[in-house]
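What follows is a single structure, written as structure tokens, with notes after it.
The values are calculated or read from the model by the stated rules, or taken from the named source; none is laboratory data. Keep in mind the model is a prediction, meaning the values are calculated, not measured. Note that each Cβ is placed from the backbone with ideal geometry, even for glycine, and that neighbours are counted across all protein chains shown. The area values use the complete protein model at the heavy-atom level, side chains included, leaving out ligands, DNA and RNA. Shrake-Rupley method; radii C 1.70, N 1.55, O 1.52, S 1.80 Å.
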Amino acid sequence: ESSRTNFEVEQIMSKETADHMTEARLTRKHGITTTVPLEFDDLSLRHVVKNLDSKKLAVNINTSQLIQEIKVFVTNYLGLREVEKKLLQESGQAYPARTNLKQIVLRNTQANTTTSKVRYTGGAKERARERVENGTANELDKKVLEGVLCAYCGGELSTASRSPGVISTYCSVECATDGRLKRGGMYSSTRVREQVFALEGGVCSLCGIDAYALYTRIKALEPAERLNALMSANWKLPVAAKALERLLQNPTEGDFWNADHITPVSEGGGGCNLDNLRTLCVPCHSCETEKLRNRLKLAGDSKKNVVHDTSKRQLDIRSLFGSAKKG
């Protein structure tokens, strides 16, 4: 039987810290992760400790020691990205207050690391289509294509999923999550954005601004008011006059944040899970893309020094980055 008690982080923070955390999300910090000094409300912490059932814990509660452990754990926990918090929650394990949570997350995600340079690696349905084209399809492939088996793993769908009038694509929540990330298709980018947003809410992982909140605030303003509001938020405005005009006249959510690969697809981060995706505001995303262009250009230049016969090589994405930069 669980001996845990639930509480909101803001509930145990001082008013100054809670206000500072809110304020930090309203302004870009020029690419530097915002660090908010944490001050706790000891009275609120005592109420949290008081709600613990000492009989379930089977130990005598040392209030002062437990308050200190809660402070340490919450401080470490707030340093995680939302997807990392999700991984810890889904593990179902309890962790001591002074555990290095970052290391726990790293160990849990290493098994999911890929070295693919393909953005979408596909699932059972994509592999089945490929085998049909090659003339090597089997009965299971046919069932996948008929919608009898899971489109991602090829496993059996539940009885309820196969009821008349019910259209199901995946056999489980896990397959649905992975399938929407990895199968590709017409709406793949939208589905990826939706899953990243569900975890991180449009908050930039680098500078800390709540880009979605800024978007909704800018959208609600009159066009004449938007420029000053963006400048007050330290927003990096588009250089091109037409792009700036469109932003001021008809801002969209895509003008404010992007779902970004932490390890880029071109460097082996393709076919990834959510742990390799993060939210970046558009200015931070532009900065990271420029860094990637430079890395790929340097890698391309170094390869030219050792590879002489290039007549049979396929077009490399790095050449596209170079061309885009020159244009």
Probe 1.4 Å - accessible area at E130, Å² to nearest ten: 110
Area of R129 that stays accessible when all protein chains are in place (1.4 Å probe, Å², to 10): 120
Packing rank of 286-293, 208-215, where each peptide gets the mean count of other beta carbons within 10 Å, highest leading: 208-215, 286-293
R0 of 41 Å, Cβ-Cβ distance S14-S91: FRET efficiency to nearest 0.05: 0.85
Rounded D (µm²/s) - the range 165-223, Kirkwood Rh over Cα pairs, Stokes-Einstein at 20 °C, 1.002 mPa s: 155
Student exercise, the range 177-269 dipole from Lys, Arg, Asp, Glu Cβ charges, in Debye to nearest 20: 220
Accessible surface of the range 174-264 [probe 1.4 Å, protein heavy atoms]: carbon and sulfur percent: 54
Alpha-carbon spread of the range 234-278, three principal axes, descending order, Å: 36, 19, 17
Residues of the range 147-188 with amide N under 15 Å of the 7 Å Cα→Cβ point at S116: 151-154, 175-185, 188
Filter on K102/K219; K242/K291; K117/K143; K15/K50; K50/K86; K86/K297 - keep pairs with C-alpha separation over 32 Å: K102/K219; K86/K297
P(r), alpha carbons of the range 135-245 - 10 Å bins starting at zero, rounded %: 12, 27, 24, 14, 15, 9, 0
